[in-house]
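Derivation of every value follows stated rules applied to the coordinates shown; laboratory data play no part. Here the structure is a predicted model, which is why all the values come from computation and not from measurement. We place every Cβ from the backbone using ideal geometry, glycine too, and count neighbours over all the protein chains shown.
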Amino acid sequence: MSSFEEVFGRTPTATAYAPGRVNLLGEHTDYNDGYVLPIAIEQRTCVSMSPNSGDEHALYSEMLDSTVCFTLDNPPAEHFATYVYGCLVEAREHGIEVPMVDIHVQSNVPMGVGLSSSAALEVATLRALRALTGAPLDDVHIAQLAQRAEIEHAGVRCGIMDQMASSLADTRSALFLDTRTLERRLVPLPPVSVVLVINSGVARILATSGYNQRRAECEEAARRLGVAALRDVDNVSAADALPDPLRRRVRHIVTENARVLLAVDCGNAKDFGALMNASHASLRDDYQVSVPELDQLVALLQAHPLVYGAKLTGAGFGGACVALCEPQALREIAGTVLRNYESAGFAGRLLVPSPVEGNEAK
Ligand code: GLA
């Protein structure tokens with residue numbers, strides 16, 4: 001663990017934080033102009049910055065214990081650095097004067113499991129840059145620049161959910177967001193329930209290519225149905241004329257948007273949980289982004305008497321599952337499910353609530 005002071009020999013001028021997120025409902029709807037319902041998690045990323053007098057930016061990652069130097073004319077080869085590079089480039093294109101900076105990154109957001117560690121890094125970077133330069137960026141602008149950084153520089157044609165969640169959500173209420181208009185409101189979790197997140201232990205290989213392929217399929221389906229985006233289809237039967245897999249993709253998007261709208265008004269944990277269960281089935285059967293381990297973990301969660309509902313979270317293809325649970329004995333629920341998952345031959349891990357009390361990026 002090396003602080004900014006230890007790496008760069010002076011105190012940082014600006015420091016900013018941004019959280020990861022877990023999505024409760026509304027999976028793959030954001031790039032179809034639909035509805036989403038993420039909530040921030042307690043794990044977060046901290047970015048510190050100070051101007052330097054050299055001719056390169058220097059970026060130190062505490063997790064990797066390595067420093068990468070780059071200019072904005074040449075993308076760095078190191079993957080984690082492309083997110084920061086992308087943010088600085090997009091900020092410059094947005095008219096912000098970006099000085100040469102030393103940057104220190106520290107994070108406890110689990111990486112590569114679908115909890116938006118990349119959005120947390122992007123949003124924290126842009127917040128630190130805002131604090132450093134006084135640039136007039138509001139939180140929505142920050143999310144938009146962060147999304148551009150991800151699409152243009154990290155090669156994932158993502159929607160705007162993760163960046164909006166990291167920039168605007170908190171850990172107590174979910175963020176109900178219309179990704180077309182960016183209208184949003186905070187929605188409390190149904191009484192009396194809490195969120196549990198468990199990692200399946202399956203790495204999300206193929207996630208980028210599978211993700212971009214799903215997006216292309218949705219665009220093709222929208223084109224064939226003559227709508228601007230699948231958000232504009234409100235009757236599932238409209239999909240009947242399409243060949244598979246387009247029919248299945250449309251069915252998922254239409255039913256998933258409806259589930260988000262039902263969930264924000266349902267007001268009780270049992271119905272909310274049933275919508276999460278239906279979402280998982282749709283992601284597995286129609287959107288086809290689940291894997292056997294996620295199905296197994298979700299089934300174990302759903303079978304627990306103190307769990308209202310469970311589904312995979314984020315893009316899928318591996319990564320984590322989210323459950324809505326009764327608050328008492330949360331760690332016991334996690335312990336039972338993890339033991340049963342292990343008996344089935346897999347190795348999962350509790351992520352939320354954080355297995356280490358007070359495990360915050362300092
Ligand atoms: C990833 C993307 C988001 C969203 C989810 C799936 O997290 O970054 O934009 O599409 O997958 O819901």
Problem set entry | Rg to Rh, two decimals, where the stretch 4-188 supplies the alpha carbon set and Rh follows Kirkwood | 0.96
Exercise. What order do you get for 26-39, 251-264, 148-161, 222-235 when each peptide is scored by the mean count of other beta carbon atoms within 10 Å, highest first?
Worked result: 26-39, 251-264, 148-161, 222-235
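Set the Förster radius R0 to 45 Å, insert the Cβ-Cβ distance between R349 and T71 as r into 1/(1 + (r/R0)^6), and round the FRET efficiency to 0.05. Could the numbers behind the result be given before it?
Numbers: r = 38 Å, r/R0 = 0.85.
With a Förster radius of 45 Å, E is 0.70.
At 0.36 nm per residue, minus the direct Cα-Cα distance, what do T11 and H141 gain on full extension? Give it in nm, one decimal, please.
Numbers: separation 130, 0.36 × 130 = 46.80 nm, distance 2.79 nm.
The span from T11 to H141 would gain 44.0 nm if fully extended.
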Seminar exercise, completed: Expressed as a percent, the portion of alpha-carbon pairs in the stretch 41-149 spaced more than 19 Å apart is 38
Seminar exercise, completed: Computed over the chain: longest principal axis from alpha-carbon atoms vs helix 269-285 long axis, angle to nearest 10 degrees, is 90
Exercise. Hey, got the dipole for the stretch 194-352? About the Cα centre, +1 on K and R Cβ, -1 on D and E Cβ, debye to the nearest 20?
Worked result: 260
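What percent do you get for the relative contact order of the chain when only Cα pairs under 8 Å and 6+ apart count? All intermediate terms of the calculation are to be shown ahead of the outcome.
Numbers: 764 pairs, mean separation 77.4, N = 362.
The normalised contact order for the chain reaches 21 percent.
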Seminar exercise, completed: Rounded to the nearest 10, the angle in degrees between the Cα long axis of helix 79-93 and the longest principal axis of the Cα atoms of the chain comes to 70
Problem set entry | Kirkwood Rh and Cα Rg combined as Rg over Rh, evaluated for the stretch 134-251 | 1.01
Exercise. By what distance, in whole Å, do the Cα atoms of the chain stretch along each of the three principal axes, largest value first?
Worked result: 60, 50, 35
Exercise. What distance in nm separates the simple spin-label points at E219 and D170, each placed 7 Å from Cα in the Cβ direction?
Worked result: 3.8
For this session: Considering only L64, L338, L177, give the residue with the highest GNM mean-square fluctuation for the chain, with springs between Cα atoms whenever their separation is below 10 Å.
Result: L64
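Checking a compactness column here: for the stretch 194-352, what do you get for Rg(Cα) / (2.2 N^0.38 Å), N being the number of residues? Mind dumping the intermediate values first?
Values: Rg = 16.6 Å, N = 159, 2.2 N^0.38 = 15.1 Å.
Dividing the Cα Rg of the stretch 194-352 by 2.2 N^0.38 Å gives 1.10.
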